[in-house]
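Structure first, commentary second.
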Amino acid sequence: MNKEKSTKEMEKLIKKADVLLEALPYIRNLYKKTIVIKYGGSAMVAEDLKKNFAMDVVLLKYIGINPVIVHGGGPQIGKTLEKMGKKSQFVDGLRVTDPEIIDIGMVGEVESINAGILNTLDDGGFIPIIAPVGVGEHGEAYNINADFVAG
């Protein structure tokens, strides 16, 4: 290994150590706590962002933080509607979907979340990924805004 390459690798390692030292107080505060992360938008489309996101989430789990991922679907829903010849409609920034689009479901609001399954998955070493879909009183599927589910 030449001297220049060795120096560059050492500089990379020093930068990583600096980042870890800076992050240590946050890691200590979040250790054994559950954090909710909304995964959507550009991060779902760009390959490099997908890979980096996945690596960061696994790192969080590895250092003792319990991530729960809420999976958005905006770009995919928009493409599906476009293929069906429908235009996305938004009211106050929220997508409105009519009942005839069965694969997407109607838009609903969060009334409750049963966290028991999430705790079981966390305890088992898994990283839960939630698709923000709910069930209505009569078994109908509801597409729920991922930001609301994450909140």
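The values are calculated or read from the model by the stated rules, or taken from the named source; none is laboratory data. From a predicted model like this one, the values you see are computed outputs, not experimental measurements. Glycine also receives a Cβ, built like all others from the backbone with ideal geometry; neighbour counts cover every protein chain displayed. When the accessible area is computed, the model is the full protein with side chains, heavy atoms only, and any ligands, DNA or RNA have been set aside. Shrake-Rupley method; radii C 1.70, N 1.55, O 1.52, S 1.80 Å.
Stretched out straight at 0.36 nm per residue, the stretch from residue 135 to residue 10 would grow longer than its current Cα-Cα span by 39.7 nm. The candidates 31, 62, 26, 142, arranged from most to least accessible area with a 1.4 Å probe in the full protein assembly, appear as 62, 26, 31, 142. Which one, 63, 14, 130, has the greatest fluctuation when you compute a Gaussian network model over the chain with C-alpha springs under 10 angstrom? Result: 14 has the largest fluctuation of those listed. Placing dummy labels 7 Å off each Cα toward the beta-carbon, the span from residue 58 to residue 127 is 0.8 nm.
Considering only alpha-carbon pairs that sit under 8 angstrom and 6 or more positions apart, the relative contact order computed for region 20-73 is 52 percent. Pop the C-beta distance of residue 91 and residue 147 into the FRET formula with R0 = 22 Å and round what comes out to the nearest 0.05. In this case the efficiency is close to 0.90.
Using a probe of 1.4 Å, the accessible surface attributed to residue 148 totals some 110 Å² when neighbouring protein chains are kept in position.
Taking all protein chains together and rolling a 1.4 Å probe, residue 6 ends up with roughly 50 Å² accessible. Along its principal axes, the chain has C-alpha extents of 65, 36, 26 angstrom, given from the largest down.
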